[in-house]
Amino acid sequence: MNSKQLLTAAVVSLSVTMSFVPVTFASPNVQQTLNTQDNPSPQKVNIRQVIVVDEDKFRLVGAGDFRRRTIRIVPQAGETLVARYDAAQKMFVTVGRKKVVPGIRYEVKADWARIPKNQALFVIPNLLEAKQVGPNRIELLFDRPVNLQSATRAGSYWVRNNLDRPADIASIGKNDPVTRETALTPNRVAITPVDRTGTRLLMTFTVNATPGVRYTVIPCFITTPDRSGYNGGNYSPASRNTFIARRF
């Protein structure tokens, strides 16, 4: 066999060998794409509404199974709270029953859900000050505009005195619990806006406060204008909601 014949035989042999070499994808990106197509990631749940039920309870409204799910409640600054879904209560409850603080902005986050920004962000209105401005009048100042429907309802407030039992403007004594039954009633107080800011309200009682007695105003259930369904408190350690009644 001459040299030309030898070269031809070598080329044929090499072609046959290469035809049986297994094909692989050198690019990891291509392989990753194929894996994703074979095993698609779970679709995120669309959340329509976030309801802050209490300082430690949250309800998410959307089509999906929330069992074994968790959410994060992230403040502007400070510790992030984690809440787990409680099937019995049908809502998310914070681990350790840790509470959000009125007056601080939070954002609800979940890797498994799409939450609209206007629903994820929330602030619970905080009472900054309760100031006596007349013998039977108390002016309230909140840190932001409030939902007037909830803020002007007598049942959203309690007044505690430093005596053994409630009297005059107080609905509870120093040791009495805060319950719906012990809240103020419309026949005892009227609550009206002072101006159009939505932050200042005036409580006008049918009786006068007793000079020298210490009173504490306790607001609850009050939301921002775009929210509803809140059943927690609207005061914080920074609230100046206690005063000693004076003569006018």
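Working from the Cα coordinates of segment 145-248, the gyration tensor eigenvalues give, after taking √(5λ), semi-axes of 23, 16, 13 Å in decreasing order.
Spin-label model, Lys98 to Thr197: label points 7 Å out along the Cα-to-beta-carbon direction sit 3.3 nm apart.
Across all C-alpha atoms in segment 82-136, the radius of gyration and Dmax reach 16.6, 55 Å. Summarising the strand pairing of segment 45-123, around 90 percent of its internal DSSP beta bridges are antiparallel. Of the trypsin sites (Lys or Arg not before Pro) found in segment 120-227, those in coil by DSSP whose Cβ has at most 13 other Cβ atoms within 10 Å are Arg196. How big is segment 45-123 by the Kirkwood estimate over distinct Cα pairs, in Å? Its Kirkwood hydrodynamic radius stands at 12.4 Å. Listed from fewest to most Cβ neighbours within 10 Å, the set Val194, Val108, Val123 follows the order Val194, Val123, Val108. 3J(HN,Hα) along segment 243-248: 8, 9, 5, 10, 7, 10 Hz, from the Karplus curve 6.51 cos²θ - 1.76 cosθ + 1.60 with θ = phi - 60°, whole Hz, x for Gly and Pro.
Read-outs: derived from the displayed coordinates by stated rules, not from any lab. Only a predicted model underlies this, so the values are computations on that prediction, with no experimental measurement involved. Virtual Cβ from ideal backbone geometry, glycine too; neighbours counted across all protein chains shown.
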